[in-house]
């Protein structure tokens, strides 16, 4: 809820350098993903869980104050009555529908990997101390994945860059994560997947903006998109838990499912690109 207004406001200000601008915004979120896990792991043994959560809560209003003072929307809000049909109507557009179905499967695959990399690392014999740094490593790599691909996306096309980075992420899951049996390979996957997933997170909202002709409807369309994607976050843990149980506590089923889900999402995003420019592979889109 805090991130969404900043995201929509940023996108409305930029056209040619939209992916780069949003990459910087999203990169700030990944910095929080580096700081908070380390802070929590050090505070819990010293002050307990309760005061650790209170300290984290004290940080959030202070940082949010900076955002409230600096964020300004380019488009003035219009007064209107809430209508659920307004959120459903964009799904009648084929590119929008394909992109959001692709986003659902893409986030499902990405976040299963992000959520379970620490648990899987336990099976390789990784120490608890090192496990605590896997998520910060992933988020640290994600910072560069959110900023650098956004810069390139503005030059070669945002859909093009999205398909490339998603494909790379699928390769990392199958070629690095599934065979990972040592601390080094788990850390390598955490770094590589963090970079690739960072690009997905930063570029996806700019794709919605790219197929939106009326920018005053951008907030509604982004709301529809993230509402659909949110169901992936809702179902990922039950699916992952069932797969681990079905595979007798092993992670290969979960890892394979994550790779296939992300691969399907990538194909659907490519289908969205095809719906826009057909099979013109060199088109900047």
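Nothing in this text is a laboratory measurement; each read-out follows from the coordinates by a stated rule. Keep in mind that this is a model prediction, so the values were computed, not measured. Heads up, the Cβs are rebuilt from the backbone with ideal geometry, glycines too, and the neighbour counts pull from every protein chain shown.
Structure data summary
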read-out: Viscosity 1.002 mPa s, 20 °C: Kirkwood-radius Stokes-Einstein D of segment 82-143 over Cα pairs, µm²/s; value: 147 µm²/s
read-out: Fluctuation leader among 219, 253, 67 - the chain, Gaussian network, Cα springs under 10 angstrom; value: 67
read-out: Residue order, fewest to most surrounding Cβ atoms within 10 angstrom, among 224, 274; value: 274, 224
read-out: Between helix 18-70 and the chain: long-axis angle, C-alpha atoms, 0 to 90°, nearest 10; value: 30 degrees
read-out: Neighbour-count order for 233, 197, 202, fewest beta carbons within 10 angstrom listed first; value: 233, 197, 202
read-out: Kirkwood-based shape ratio for segment 136-193, expressed as Rg/Rh from alpha carbons; value: 1.04
read-out: Relative contact order (percent, whole number), segment 74-204, Cα cutoff 8 Å, 6+ residue spacing; value: 31 percent
read-out: GNM flexibility winner over the chain from 168, 55, 31 (Cα, springs under 10 Å); value: 55
read-out: Whole-number Å³ per residue for the convex hull built on Cα positions in segment 1-86; value: 144 Å³
read-out: Crossing angle, helix 252-277 versus the chain [Cα axis fit, 0-90 degrees, rounded to tens]; value: 10 degrees
read-out: Highest-first arrangement of 279-285, 236-242, 148-154, where packing means the average Cβ count within 10 Å; value: 148-154, 236-242, 279-285
read-out: Neighbour-count ranking [beta-carbon atoms within 10 angstrom, fewest first] of 56, 10; value: 56, 10
read-out: Two-decimal ratio, the chain, of alpha-carbon radius of gyration to 2.2 N^0.38 Å; value: 1.03
read-out: Cα-Cα pairs of segment 1-152 separated by more than 24 Å (percent); value: 52 percent
read-out: Three semi-axes of the equivalent ellipsoid, segment 158-223, Cα gyration tensor, whole Å, largest first; value: 33, 11, 7
read-out: Choice from 13, 51, 177 showing the highest fluctuation, given a GNM over the chain with Cα pairs closer than 10 Å; value: 51
read-out: Calculated Rg and Dmax of segment 159-275 using C-alpha coordinates, Å; value: 16.1, 51
read-out: Acute angle (nearest 10 degrees) that the helix 94-123 long axis makes with the longest principal axis of the chain, alpha-carbon atoms; value: 10 degrees
